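J.: Here's a structure for you.
Each value in this text was obtained by applying a stated rule to the coordinates, not by laboratory testing. Given the structure is predicted, the values throughout are model-derived calculations rather than measurements. Neighbour counts are summed over all protein chains in view; Cβ atoms, including those assigned to glycine, are modelled from backbone coordinates with ideal geometry.
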Amino acid sequence: MKTFNTIVKVILTLLLIMPIFGILGFFPEPTADMYTNTTAFQFIQILMASKYIMYMEGITFAVVLFSIWTRREALGALLLLPFTFNIVGFHAFLDGGPFTGGAVMGNVLLLINVYFLWVYRNQILPLFQKRA
């Protein structure tokens with residue numbers, strides 16, 4: 001189980017490091033041919049132009065990476081959850097559906113996030129309990 005957990009952490013690290021590198025300028029800007037329609041591409045262009053979401057994403061992903069590698073996986077999974085839902089939602093509703101080529105990484109991210117939420121549910125469930 002420990003080996004599987006480490007493999008999942010490495011895959012998650014690779015998925016999260018790519019957007020961080022993109023924000024830092026290591027990857028070229030997205031092009032229209034990367035998306036199934038112009039609406040999806042326009043949406044991404046607006047996000048890229050605002051810079052706000054991109055920086056918040058980069059900072060959050062860096063915190064998530066720090067969290068999962070310092071034995072705070074439950075915190076990392078909770079921080080990553082809103083971004084995961086937005087990535088999957090973008091591909092499902094704007095970019096041609098959940099089974100297109102661009103959606104694969106988002107779907108893997110969702111599976112990893114659900115895995116961490118399930119494995120560390122005992123640490124997360126007390127957050128939803130009513131205080132006395």
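J.: How about the stretch 1-110: which chymotrypsin sites (Phe, Trp or Tyr not before Pro) there lie in a loop by DSSP and see at most 13 other Cβ atoms within 10 Å?
T.: Working: sites: Phe4, Phe21, Phe26, Tyr35, Phe41, Phe43, Tyr52, Tyr55, Phe61, Phe66, Trp69, Phe83, Phe85, Phe90, Phe93, Phe99; in loops: Phe26, Tyr35, Phe99.
The qualifying sites are Phe26, Phe99.
J.: Which FRET efficiency value, to the nearest 0.05, do you get for Phe66 and Gln129 by plugging their Cβ-Cβ distance into 1/(1 + (r/R0)^6) with R0 = 30 Å?
T.: On the way: r = 27 Å, r/R0 = 0.89.
E(calc), rounded to 0.05, equals 0.65.
J.: Over all directions, how big on average is the projection of the convex hull of the alpha-carbon atoms in the chain, in square nanometres? Write out the running numbers ahead of the final one.
T.: Values: hull surface 37.6 nm².
Result: 9.4 nm².
J.: I want the local charge near Asn5. Using Cβ-Cβ distances under 15 Å, sum +1 for each Lys or Arg and -1 for each Asp or Glu among the other residues. Walk me through the intermediate numbers first.
T.: Values: positive: Lys2, Lys9, Arg71, Arg72, Arg121; negative: Glu73.
Net of charged neighbours comes to +4.
J.: Just grab the label-to-label distance for Met105 and Phe4, each label 7 Å out from Cα along the Cβ direction, in nm (one decimal).
T.: 2.6
J.: Considering only DSSP states other than H, G, I, E and B, which trypsin sites (Lys or Arg not before Pro) in the stretch 43-129 qualify as loop sites with at most 15 other Cβ atoms within 10 Å? Before the final figure, lay out the partial values.
T.: Values: sites: Lys51, Arg71, Arg72, Arg121; in loops: Lys51, Arg71, Arg72.
Those satisfying the criteria are Lys51, Arg71.
J.: Taking K and R as +1 and D and E as -1, what net charge do the other residues with C-beta under 15 Å from the C-beta of Tyr35 add up to? Spell out each step's value before the answer.
T.: On the way: positive: none; negative: Glu29, Asp33, Asp95.
Net charge in that neighbourhood comes out at -3.
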